[in-house]
Structures are given as structure tokens and as C-alpha cells.
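Read through the structure below, which is laid out as C-alpha cells, and then see the notes.
Each reported figure results from applying straightforward, stated rules to the coordinates on display, with no laboratory input. Note that this is a predicted model, so its numbers are computed, not measured. As a convention, Cβ positions derive from the backbone with ideal geometry for all residues, glycine included, and neighbour counts pool all protein chains shown.
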Amino acid sequence: MLTQSSTVASQVDAAFYFIVGVSTLLLVAITGLMSYFVIRYNHKRNPTPTDIEGNTWLEVLWTVIPLAIVMVMFYYGFLGYRTMRNVPQDAMAVKVTAMMWRWSFAYENGLQTDVLRVPLGKPVKVLLRSNDVIHSFYVPAFRIKKDVVPGKENVAWFEPTSLGEFDLMCAEYCGVDHSKMLSKVIVMPEAEFTRWYKSKAPSLAASATSTPAAAKPMEAEKADPLVAEGAALANRNGCFACHSRDGTKLTGPTFKGLFGREVTVLVGGKPKTVVADEAYVRKSIAAPEAEIVKGFQPRMSPPKLTDKETTALLAYLKTLK
Ligand code: CUA
């Protein structure tokens with residue numbers, strides 16, 4: 001059995017175990033009776049068939065009893081549903097953005113992270129938005145699952161009841177790297193959370209849990225604040241989910257040695273060779289689908305970046321040689 005780590009978990013489990021219990025009983029009873037009848041009313045024992053008329057009482061019973069059982073299932077399910085729909089007034093709001101194929105969390109003080117840190121024993125409200133396709137916000141230990149639909153803000157909430165790290169995943173098939181769309185909820189003691197929240201430092205180390213190759217600032221990032229900003233932007237916008245930094249071919253072309261590289265792009269289905277200079281990369285960020293590099297599919301939705309941010313991102317990309 002999974003541990004119950006939120007206040008609503010016991011309600012969800014109660015409904016679940018009730019349904020599983022009833023189903024198991026029915027399975028055993030029906031299979032048992034069926035076997036018994038097969039033997040008891042065997043052709044050898046009953047050479048002449050009996051004509052059985054209907055039995056009103058029996059028919060009423062086998063309609064009313066299942067109805068009552070189903071209503072009890074509904075009752076338990078409804079209790080949990082009501083709890084999930086009634087978001088407590090004092091819940092802390094976190095904006096959750098889902099995109100192919102990662103999660104991003106934004107707090108009210110401007111803090112942005114890629115793991116969800118929350119205090120123990122406090123209600124947290126997640127405002128769910130998608131940048132591209134339908135995803136689903138799923139934390140099994142909290143028994144919370146909610147679709148994240150483009151063009152719509154869905155809301156879910158939970159109150160964690162145990163400390164620790166819990167899996168957060170996407171539960172709606174959303175493309176080739178759906179299975180890698182993982183993150184974590186880290187439940188911290190309240191005082192520790194407050195300290196972290198006030199520090200306003202999005203922990204880059206924490207990102208290592210979801211994107212192993214991310215993190216670790218390079219020498220260039222330490223030296224140049226613009227490059228460091230660009231690296232943070234790339235991380236926050238999920239660029240590394242599709243563009244590697246070590247030459248590995250992922251969903252998109254690698255960032256390694258991008259600048260000055262000659263690439264073959266398809267323009268209206270016709271191949272064309274271009275040099276990946278600043279103008280080309282800038283254009284590719286703003287309108288990714290305009291010139292797709294040969295051998296790749298148009299999968300990218302343009303990140304929302306200001307001119308300044310794009311400049312920082314370019315400064316960072318230039319360091320990846
Ligand atoms: Cu996002 Cu599956």
C-alpha cells in the first residue's frame with residue numbers, strides 16, 4: 001500500500017478499498033455460484049429441462065441491492081470530491097506550468113523552481129497551466145491528479161501530512177518524452193520552508209533531480225552574469241529537455257557547438273544550407289517552425305522571452321562549444 005501523505009489521501013483510499021472490496025466479494029460469489037450451478041444442474045442429473053417462470057421478489061432484490069451498493073460507492077467518492085473541490089481560503093498559491101516535457105513552479109514572491117517545495121501541514125493550491133498540449137499533474141502519495149489543459153487554468157490543492165520527497169509526474173500522454181516529465185514535491189518543516197522561501201534563491205542544485213544533466217554551473221557562467229542569466233533561462237524554459245549540451249541527439253538539435261555550425265534546414269520542404277549565426281538562432285527561438293533542421297520534427301513552442309532575455313540566452317548558447 002502506498003503511504004498516505006496528504007489530508008485527502010485517506011478519503012480517496014476509503015472509496016478505492018470499498019470498491020475493490022465489493023468487486024472482490026462479487027467476483028467470488030458469482031464465480032462460486034456459477035460453478036455450483038454448472039454441477040448441480042448438469043444435463044446428466046436433469047435429463048428433462050424445467051420451465052422456470054420469473055420471480056418478482058428476486059428481481060426487485062437484485063435491482064435494489066446493487067443500487068444501494070453503487071450509491072454507497074458514490075457517497076464515498078463524493079465525500080472525497082467535495083474535499084478536493086473546496087480549496088481552503090488560506091491556501092498558499094503556486095503557479096504550475098506544464099510544458100513538453102517538464103514542470104515549472106512559480107511562487108507569489110517571484111521565486112521559480114523546477115521542484116515543488118511546500119511546507120508541512122499547510123494547504124497548497126496549485127494553479128495549473130499548460131504551454132502547449134494537455135498534461136496531467138499527478139502526485140500519487142497525495143492522491144491528487146488533475147489535467148493541465150492549454151487555454152484553461154485548472155486548480156487542485158493538497159495539504160501534505162508527512163515530510164520527505166514525493167514523485168510528481170505527468171499522467172497524460174503528451175509526446176515522445178512524456179515518461180521523462182518527472183519532478184518532485186519536497187515537503188519541508190515550516191520553519192525551514194520559510195527560510196528557503198525568503199532566501200529567494202531558486203535552488204539550481206534541486207534541478208539535478210529532474211534533469212540530471214542540468215545544474216552544475218560552467219566556468220563561463222560564473223564569470224559572466226549575462227551568461228549565467230541565459231543558463232538559468234534555458235533551464236527554466238525547459239530547453240534542455242530537447243536540446244542536449246553534450247552532442248546527444250534528443251528531440252531537437254544539440255546546443256553543443258551550435259554557433260557557426262552549418263545546418264541544413266527545410267524551407268517549405270526544400271533543403272537549404274545556412275550558418276547558425278546570431279540572426280538565425282534568434283529567429284529559431286522566436287519562430288521555431290519557420291526553418292526546421294533536417295532530420296527533426298517541428299515540436300517546439302516558442303518560449304516567451306523578452307529581447308533582453310533572448311540576448312542572455314544567446315550569450316549562454318555561445319559558450320557551449
Ligand atoms: Cu506531459 Cu505527459
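Considering all different alpha carbon pairs of the stretch 263-321, the Kirkwood hydrodynamic radius works out to 12.2 Å. For the chain, with the dipole built from +1 on Lys and Arg beta-carbon atoms and -1 on Asp and Glu ones, taken about the Cα centre, which of Val133, Val227, Pro160 lies farthest toward the positive end? About the Cα centre, the residue reaching furthest to the positive side is Val227. Pairs exceeding 25 Å between alpha-carbon atoms, taken from Lys249/Lys318; Lys256/Lys294; Lys180/Lys272: Lys180/Lys272. Taking springs between alpha-carbon atoms closer than 10 angstrom, which of Pro140, Pro66, Pro119 fluctuates most in the Gaussian network model of the chain? Taking springs between Cα atoms under 10 Å, the residue moving most is Pro66. Take the alpha carbon gyration tensor of the stretch 9-85, find the square roots of its eigenvalues, order them as a ≥ b ≥ c, and report rounded if a/c is under 1.5; if not, report prolate when a/b exceeds b/c, else oblate. Oblate. Entry note: the stretch 219-321 has Rg to Rh equal to 0.95, where both radii use alpha-carbon atoms and Rh is the Kirkwood radius.
Compare the Cα positions of Ala312, Ala241, Phe296 along the charge dipole of the stretch 211-318 (+1 at Cβ of Lys, Arg; -1 at Cβ of Asp, Glu; about the Cα centre) and return the one farthest towards the positive end. Positive-end residue among those listed: Phe296. When the chain is described by a simple charge dipole with +1 on each Lys and Arg Cβ and -1 on each Asp and Glu Cβ, the residue from Phe37, Thr56, Gly252 located farthest towards its positive end is Gly252.
If packing is taken as the average number of other Cβ atoms within 10 Å across a peptide's residues, how do 145-152, 96-103 rank, most packed first?
The peptides rank, most packed first, as 96-103, 145-152.
Relative to the longest principal axis of the Cα atoms of the chain, the long axis of helix 56-85 lies at roughly 30 degrees.
Just so you know, the Rg over Rh for the chain is 1.17, from Cα atoms, with Rh as the Kirkwood radius.
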